[in-house]
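Novice: Have a look at the structure that comes next, please.
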Amino acid sequence: MELLAVLEERGMVYQKTGTGGLGKFLEDRPRVFYAGFDATAESLHLGHLVPLMTAAHMQRAGHRPLILVGGATALVGDPSFRNTERPLLSQDDVERYAEALRTQMTRFLDFGPGGAVLLNNARWLMDLNYIDFLLHVGRHFSVNRMLTVDSVKARLETGLSFLEFNYMLLQSFDFLHLYRTWNCELQLGGADQWGNIVAGTDLVRRVEGAEVYGITCPLVTTSTGEKMSKSQPGGAVWLDPKLTSPYRYYQFWINSDDRDLGKFLRLYTFLPMDTIRELESDTGAGLRRGKEILALEATAIAHGRKEAEAARDASRALFLGEGGLEGVPSFEVSGDRVGRGMTLVDLFVESGLCPSRGEVRRLAEQGGLYTDGKRVTDPGEPVTLESLAGDGLILRAGKKRHCRAVLAAD
């Protein structure tokens, strides 16, 4: 089956340029393509997953990814579908973020010899001569046409700075530079990047007389209408395990809406389509099995098979009474801390399950706090060394948020 057909069957293609020849282009020979990620945070999140998974499918089909971290464009800020200008970042922050993103991407892509390459556009954009840039790049852009791009039009009412207005030119120049230096012939991005990608293909055609291509991936929403982004109910879901533990990452997938099972298996796992069709057709207990497979496979890709299996076992232990507790998010409590006087209120706050002492008391009054499966009626109850010994004390806030408090070794 042709790669383009595979990507479309899995729901990974939203828009594409050169529709008539793109399929043949991808089948003729191995191609170099690029996907850009602006280094504006220390971690990727759920909203980045579809372009990243698409890049992984393309690499598995023999094409070579260039992963472009926008060290320079992150300083400018992409105005696409934003209501306000992005806060300015320092170069030090951008470089720190870029290295963190590379570490997370190694779970999805092979960066070995002949494999994916990480590039930073600061290396060619920061030293541009402004007049030369205007003469050789800016002259190919029509302001009238730029103003018709959806991502720009949406900002005109609230205000669009000249700094942000340059973003399209810079991203287009990235494509031109990568075409010249790496023979890169395709750009991959999210649906919000369509205007920038089309502008880049047009710039390469005008300057080099070459046909290059673009593919955008859908901005995924759940069956309840929520965006798969960093703005998730209950907090953002990040790929950095320090920000979102493998257990919590696993829980996000297994707690997803039943109606999203087939879509999520297509987008966020490498399972073959025959297996996916079988899983999504199940009902009852079979549906639970399908969601467990989704959670296991998605977590294994992002965090490794060992962490995924530990998260699965922890989930089974907490919700089904079977499996081990090693994958449950844990924190240590020193004996000295307990000896100085510690209550369940302190424990729930220090675990991170509750943001404040007032929230602990509110949840307790509503019957939403548990320790080792028993409802907490008095959050002022003291914590004992005995309760933290052995496997520790399992804390629960609400229906699905867990943490394990364990006694620190002396």
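Novice: In this structure, is Phe252 in a helix (DSSP H, G or I) and closer than 18 Å to Glu307 by Cα?
Specialist: Working: in a helix (DSSP H, G or I): yes; closer than 18 Å to Glu307 by Cα: yes.
Taking the combined requirement at face value, the residue satisfies it.
Novice: Continuing with the same structure: Which numbered condition in (1) more than 16 Å from Trp253 (Cα to Cα); (2) part of a helix (DSSP H, G or I); (3) assigned by TED's automatic domain parsing to the domain that holds Trp253 is the only one that Thr299 fails?
Specialist: Here Thr299 meets the rest and fails (1).
Novice: When you scan the stretch 67-79, do you find a residue that is modelled with pLDDT of 90 or more, surrounded by fewer than 20 Cβ atoms within 10 Å (Cβ to Cβ) and either assigned by TED's automatic domain parsing to the domain that holds Phe108 or of a type outside the set (Phe, Trp, Tyr) (or both), even just one?
Specialist: no
Novice: Tally up the residues in the stretch 261-304 that are in contact with a Lys or Arg (Cβ under 9 Å, 6 or more places away or on another chain) and polar (S, T, N, Q), please.
Specialist: 1
Novice: Please work out which one of (1) modelled with pLDDT under 85; (2) surrounded by 18 or more Cβ atoms within 10 Å (Cβ to Cβ) is the condition Glu157 fails and give its number.
Specialist: In the conditions (1) modelled with pLDDT under 85; (2) surrounded by 18 or more Cβ atoms within 10 Å (Cβ to Cβ), Glu157 misses (2) alone.
Novice: Further, regarding this structure: Take the residues in the stretch 362-402 that are buried (at least 16 other Cβ atoms within 10 Å of the Cβ) and in a helix (DSSP H, G or I), then tell me which one is farthest from the chain's Cα centre (by Cα).
Specialist: Ser387
Novice: State yes or no: is Ala41 over 24 Å from Thr269 (Cα atoms) and small (Gly, Ala, Ser)?
Specialist: yes
Novice: So, one more: Select from the stretch 320-356 the residues that are among the small types (Gly, Ala, Ser) and assigned to a loop (DSSP other than H, G, I, E, B) and write down the one among them that is surrounded by the most Cβ atoms within 10 Å (Cβ to Cβ).
Specialist: Selected residue: Gly327.
Novice: Would a scan of the stretch 327-335 turn up a residue that is at negative phi and free of Cβ contacts under 8 Å to residues at least 60 places away in the same chain? Before the answer, list the steps.
Specialist: Residues of the stretch 327-335 at negative phi: 327-335.
So of that shortlist, the ones also free of Cβ contacts under 8 Å to residues at least 60 places away in the same chain come out as none.
No, the conditions are met nowhere in the stretch 327-335.
Novice: State yes or no: is Lys306 surrounded by fewer than 13 Cβ atoms within 10 Å (Cβ to Cβ), modelled with pLDDT of 85 or more and within 20 Å of Pro241 (Cβ to Cβ)? It would help to see each step written out before you state the result.
Specialist: Working: surrounded by fewer than 13 Cβ atoms within 10 Å (Cβ to Cβ): yes; modelled with pLDDT of 85 or more: yes; within 20 Å of Pro241 (Cβ to Cβ): yes.
So Lys306 passes the test.
Novice: Pick from the stretch 102-121 the residues that are farther than 15 Å from Thr73 by Cα and in contact with an Asp or Glu (Cβ under 8 Å, 6 or more places away or on another chain): which of them is modelled with the lowest pLDDT?
Specialist: The selected residue is Gln104.
The values are calculated or read from the model by the stated rules, or taken from the named source; none is laboratory data. Keep in mind the model is a prediction, meaning the values are calculated, not measured. FYI the Cβ positions are ideal-geometry reconstructions off the backbone, even for glycines, and counts take in every protein chain you see.
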